[in-house]
Amino acid sequence: MVSSSVAPTALPPPLKESGQREVFCGLTSIVWLHRRMPDAFFLVVGSRTCAHLIQSAAGVMIFAEPRFGTAILGERDLAGLADANEELDRLVAQLLERRPEIRTLFLVGSCPSEVIKLDLAKASERLNQQHAGRVTVINYTGSGIETTFTQGEDSALQALVPLMPKTDQPQLLIAGTLADAVEDRLVGLFQKLGIERVVSLPPRRSTELPAVGPGTQLLLAQPYLSGTARALVDRGATLVSAPYPFGVEGSRDWMAAAARACGIQQERIDAVLDPLVERGRRALAPHREVLAGKRLFLLPDSQLEPALARFLARECGMELVEVGTPYLDRQLMAEELARLPEGTQLSEGQHVENQLQRVRQERPDLVVCGLGLANPLEAEGMATKWSIELVFSPIHGIDQAGDLAELFARPLRRRGALQFS
């Protein structure tokens with residue numbers, strides 16, 4: 001790992017929570033992954049509930065046929081009375097005949113194989129043999145039983161890593177789904193810094209997987225890719241230790257860490273990035289006026305929480321009451337934890353009732369939480385921000401810092417406008 005020189009902040013031990021959970025299912029990540037790779041199809045093997053979840057999360061697509069679907073398991077399938085493998089083979093054959101543009105088919109388990117009575121790993125091997133040369137079949141689990149919704153992307157990308165070719169060529173690999181326009185901007189900046197070869201995982205076409213090897217510097221764009229990061233390091237990549245590209249400071253340090261890992265001199269880094277920093281701070285200013293001094297409570301949902309807390313505290317002047325996260329990977333979060341204000345209370349895991357009790361005791365100005373908790377808290381007079389919106393929005397990079405801050409300022413402005421004297 002390429003390390004940083006930031007000194008760690010003194011933080012109290014995190015609260016360890018275990019109990020009732022309130023999170024989206026990992027299947028939700030299909031909504032942004034299928035948009036990223038237009039030649040891929042995500043076939044969920046699950047119940048009607050899973051089909052309704054995906055359709056609701058993605059919205060009704062009238063003008064374009066989506067690149068995801070559900071192979072619905074009935075009572076006979078779950079009871080082991082029907083041969084689900086034969087039915088799956090038939091559905092896949094129909095799908096490929098109808099959609100000849102599909103080049104990668106993801107079989108996504110909605111639950112562990114013990115629950116759905118179907119071994120998708122063996123099914124993928126069989127289907128790859130049946131359709132060799134036509135499509136690549138990959139399986140992973142999007143189960144929401146033990147994971148949070150962003151880990152669906154981690155599982156999907158981890159399943160792609162064994163298929164990536166090997167290379168010794170020096171390069172920068174950015175891991176994590178980004179909006180196309182944001183990725184283009186960031187890649188352009190890296191090339192302006194002098195990094196000649198920049199590749200991405202996931203790629204924009206599933207058949208154009210980047211290579212990986214000892215010459216690869218791995219830069220994570222999302223903080224929830226623990227399994228993917230370790231799989232890439234096992235393939236020879238070197239993990240660059242950096243904060244995540246949220247806000248002006250985080251984005252600058254993220255790009256600077258990658259540039260140093262690729263041998264770029266500090267003078268060139270400053271020349272390219274400093275003008276962007278000044279512009280980003282000007283964009284932040286009007287939103288900081290709304291956010292500064294406001295008390296913030298982040299409930300565990302997306303694993304973005306420590307990085308967002310760092311941005312909101314250091315760049316927007318918010319006071320952190322508690323920063324919850326479903327899972328705390330200290331290696332991947334080291335640079336974020338080092339930048340949190342001294343004394344910040346972290347919590348890892350979830351026990352909804354305990355955390356809601358602390359929220360009600362503290363009465364923060366803003367609560368970042370999942371959809372299932374937002375409306376009840378709004379009814380109790382607290383402003384909320386949906387954490388899932390932060391995954392769908394283009395918030396990475398210095399140019400997006402103002403937009404990111406506006407997402408948090410908006411509910412406070414709205415609540416202010418609704419108050420009557």
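The values are calculated or read from the model by the stated rules, or taken from the named source; none is laboratory data. The structure presented is a predicted model; accordingly, all values stated were derived computationally and were not measured. All Cβ positions, glycine included, derive from the backbone under ideal geometry; neighbour counts span all protein chains shown. Note: accessible area is taken over every heavy atom of the protein model, side chains too, but ligands, DNA and RNA are not part of it. Shrake-Rupley method; radii C 1.70, N 1.55, O 1.52, S 1.80 Å.
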Averaged per residue, the 1.4 Å probe accessible area of the chain, protein heavy atoms only, in Å², is roughly 43
Expected unfolding gain across residue 233-residue 208 under the 0.36 nm per residue rule, minus the alpha-carbon gap, is 7.0 nm
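Would you please give the FRET efficiency between residue 86 and residue 380, computed as 1/(1 + (r/R0)^6) with r the Cβ-Cβ distance and R0 = 51 Å, to the nearest 0.05?
0.45
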Rounded to a whole %, the carbon-and-sulfur portion of the accessible area of region 143-192 at a 1.4 Å probe is 52
Expressed as a percent, the portion of alpha-carbon pairs in region 185-329 spaced more than 24 Å apart is 41
For the pair residue 119 and residue 371, the simple spin-label estimate (label points 7 Å beyond Cα toward Cβ) gives in nm 3.6
A 1.4 Å probe over the protein heavy atoms gives region 328-384 a carbon and sulfur accessible-area percentage of 43
Averaging 1/r across every pair of distinct alpha carbons in region 370-421 and inverting yields a Kirkwood hydrodynamic radius, in angstrom, of 12.2
Out of 402, 372, 361 - ranked by how far each Cα lies towards the positive end of the dipole of region 356-405, with unit charges on the beta-carbon of charged residues - the top one is 361
Quick calc: nm separation of the 7 Å Cα→Cβ label points for residue 413 and residue 134 -> 5.3
FRET efficiency for residue 353 and residue 403 from the Cβ-Cβ distance with R0 = 30 Å, rounded to 0.05, comes out at 0.30
So, with points 7 Å from each Cα along the Cβ direction, the residue 166-residue 181 label distance in nm works out to 4.2
If every Lys and Arg gets +1 and every Asp and Glu gets -1 at its Cβ, then about the Cα centre the chain yields a dipole, in debye to the nearest 20, of 540
Note: region 330-421 at 20 °C, 1.002 mPa s; Kirkwood Rh on alpha carbon pairs; Stokes-Einstein D in µm²/s works out to 140
Summing -39500 (n - 2.57) over every DSSP H run of at least 4 residues in the chain and dividing by its residue count gives a helix-only mean residue ellipticity at 222 nm, to the nearest 500 deg cm²/dmol, of -13500 deg cm²/dmol
A chain fully extended from residue 295 to residue 389 at 0.36 nm per residue, minus the present Cα-Cα distance, gains in nm 31.8 nm
For the chain, the Debye formula with one identical point scatterer on each Cα and no solvent gives log10 I(q)/I(0) at q = 0.13 Å⁻¹ as -1.18
The farthest towards the positive end of the charge dipole of the chain, of the residues 187, 155, 109, given +1 on Cβ of Lys and Arg and -1 on Cβ of Asp and Glu, is 187
In degrees, nearest 10, the alpha-carbon axis of helix 266-291 is tilted away from the dominant principal axis of the alpha carbons of the chain by 80
